[in-house]
Amino acid sequence: MAHVASGGARDRGALNGWQGCILDPSLSRVRSQGVVGETLVSVSPWNKSSIYFARLVGTPVWCQRQDCGGGAMEAAPLEEWVMLAFCFKDVDKVVRVGPGSSIDIWEDNWLPGIDTLKPRVRLEEAQVAMVNELFIPGTRVWNQILVKESFIAMDAEEVLKVMPPIHGDSEFYAWAFEKNGYYSVRSAYRVLKKEAEQRQVLKENVGATSDGSHWRRHVTRESYCEACGDPSESLHHVAMECTYARRFWEAVRETTGVKLPALHPMTWAKDILSGHFCSGDDANLIVCGVWSLWTGRNARNHGAKQWSPSAAARHVAKLLEDLVCMKEDTTPQQVRRHERWIPPDTGWVKVNSDGAFLMNTSTGASGVIVRNERGDTPAVEGRWMEHLPDALTAEASAARHGLSLAVALGYDKVILEVDNSSLATSIRTDAPNLSTISGLCQEIKELGRSFVDFNVSLVGREANSAAHCCGKMPTSSNRVCSCVGYTPDWLHGVVTNDCNSVEF
């Protein structure tokens, strides 16, 4: 359980009485509001960041749960050091776009694909102020021409990746560093680790002098052997010629009786593996020895003060002995069952959907196939998509296209089959969805309510192969591939295979 305090205060005394919230999976991930009182006894900032740690005494923290109508009170005893004040700070929240009338384009955090969560550059000619001004009037569809005129190309691409829901009365906040929008201590540690790595890189490349008053550019040291002073530190030198290497191979000969053969400096690695200069067992020992010499060289360059050739030789010999003595696993592998598509019950149809995503171009495609209990194919469709932020959005868009097709065909009992577990969970659950696909999930649920009966099923990739095949057909030049009333030739083999009996 993580206790998170929110507010503008930064000193220890001002934290008492802050509005706080408990983020706990046992509370169905609903934020529980309460007041942090005298239980907060000490706070210390860490690395001048927004992360605080607090020691909480054993007395329970009483919080009022929103999901109980505001009347129930629950005790949550918190004792150990826990992470505080990392989220719900303005720079750590992202607004999920709804109507867009309350989101300031240039001041609010609403673009999850940008590190700053807001546009990088504000163009002088940009005349828009609120997000809803970027929509086509009367809709929640982006006016792509206006978007491209109002932002630089990189920012415009991220704006078009945001998919506002068709319905929804307000925006809401989400945790910016998790795809599901919920705060977790693990994600906070990840962000902290990333910040520490960035500071370390900055320190290595542009470091301060001892008194902190001057700055210097990091200069890479020239390549030379620090052990013997050889000006050319090649891999062959480290493995064969260096003083450390000679002592090591002498120790190997004394320990194992293996003598290093005479090898050419240009072809030594190939010669070891060729089998013409030494046996296979000796080659294994020499390769492991070269690896030990190289790791020892790296350790010395990074501050290690001691390295024993004899100890290294014994370690390599023991390593090879352990490898030789390892018993091969003779347990027979279980035969994998190939999953096939299963026809629905009489009166139902199955809508299989699959999404494809190309990260380099932020494009993708959706594949949809509708089939009844006889295996007939009333409709198939493949649709090209652009401005996709991730693969999950492609999967959700494909599911929405599939249900829209089923509505247009007039079916009333529909089973939606997808092969993405995150999408299936998001559609099934009634808990608030704070992820980037919250709007798409809302549309999928509303389409599902238009049927008399509607179910969502998670299937394996093999059982969804027909939809996957449909997703391969559209391209940027041929954006829609649709067939109604018959099975196209390019899909006939996959559909026939699905309708056959299960194979083992």
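The values are calculated or read from the model by the stated rules, or taken from the named source; none is laboratory data. Bear in mind that the values here come from a model prediction, so they are computed numbers and not experimental data. Backbone-built Cβ (ideal geometry, glycine too); neighbour counts: all protein chains shown. The accessibility values were calculated without ligands, DNA or RNA, using every heavy atom of the protein model including side chains. Shrake-Rupley method; radii C 1.70, N 1.55, O 1.52, S 1.80 Å.
Selection of the range 288-314 for residues being surrounded by 15 or more Cβ atoms within 10 Å (Cβ to Cβ) and either farther than 17 Å from residue 238 by Cα or free of Cβ contacts under 8 Å to residues at least 24 places away in the same chain (or both) yields only 314. So, of the residues in the range 495-504 that are among the β-branched types (Val, Ile, Thr) and exposed (fewer than 14 other Cβ atoms within 10 Å of the Cβ), which turns out to be farthest from residue 424 (Cα to Cα)? In this case the residue turns out to be 496. Exactly one residue among 280, 275, 289, 296 is at positive phi and not aromatic (Phe, Trp, Tyr), and that residue is 275.
Reported count of residues in the range 248-280, each being open to solvent by 60 Å² or more (accessible area, probe 1.4 Å), touching a residue at least 24 places away in the same chain (Cβ under 8 Å) and in contact with a Pro (Cβ under 9 Å, 6 or more places away or on another chain), is 1. Within the range 155-168, residues that are without any contact (Cβ under 8 Å) to a residue 12 or more places away in the chain sit with their Cβ atoms under 8 Å from residues that are open to solvent by 20 Å² or more (accessible area, probe 1.4 Å), at 6+ positions apart or across chains, in these pairs: 156/148. Note on the range 475-494: among residues that are out of contact with any Ser or Thr (no Cβ under 8 Å at 6 or more places or on another chain) and in a loop (DSSP other than H, G, I, E, B), the one that is surrounded by the fewest Cβ atoms within 10 Å (Cβ to Cβ) is 477.
If you go through the range 131-158 and keep only what is outside any helix (DSSP H, G or I), open to solvent by 50 Å² or more (accessible area, probe 1.4 Å) and hydrophobic (A, V, I, L, M, F, W, C), you end up with 136, 141. All conditions in (1) closer than 23 Å to residue 298 by Cα; (2) modelled with pLDDT under 50; (3) not small (Gly, Ala, Ser) hold for residue 214, with the sole exception of (1).
Kindly indicate the residue of the range 174-187 that is more than 22 Å from residue 142 (Cβ to Cβ) and either modelled with pLDDT of 80 or more or among the aromatic types (Phe, Trp, Tyr) (or both) and also surrounded by the most Cβ atoms within 10 Å (Cβ to Cβ) among those meeting that condition. Reasoning before the result, please.
To start, the set of residues in the range 174-187 that are more than 22 Å from residue 142 (Cβ to Cβ) comprises 175, 177-178, 180, 182-187.
With the extra rule that they be either modelled with pLDDT of 80 or more or among the aromatic types (Phe, Trp, Tyr) (or both), the set shrinks to 175, 177-178, 180, 182-183, 186-187.
Working: 175: 22, 177: 19, 178: 18, 180: 19, 182: 19, 183: 26, 186: 10, 187: 18.
Taking the candidates together, the pick is 183.
Cβ separations smaller than 6 Å between residues 6+ apart or across chains give the following pairs from the range 108-127 residues that are closer than 10 Å to residue 152 by Cβ to residues that are part of a loop (DSSP other than H, G, I, E, B): 119/151; 121/152; 122/106.
Taking residues in the range 344-355 that are more than 9 Å from residue 372 (Cβ to Cβ), and partners anywhere that are part of a strand (DSSP E or B) and of a type in the set (Ser, Thr, Tyr), the pairs with Cβ atoms closer than 6 Å and at least 6 places apart or on different chains are 355/366.
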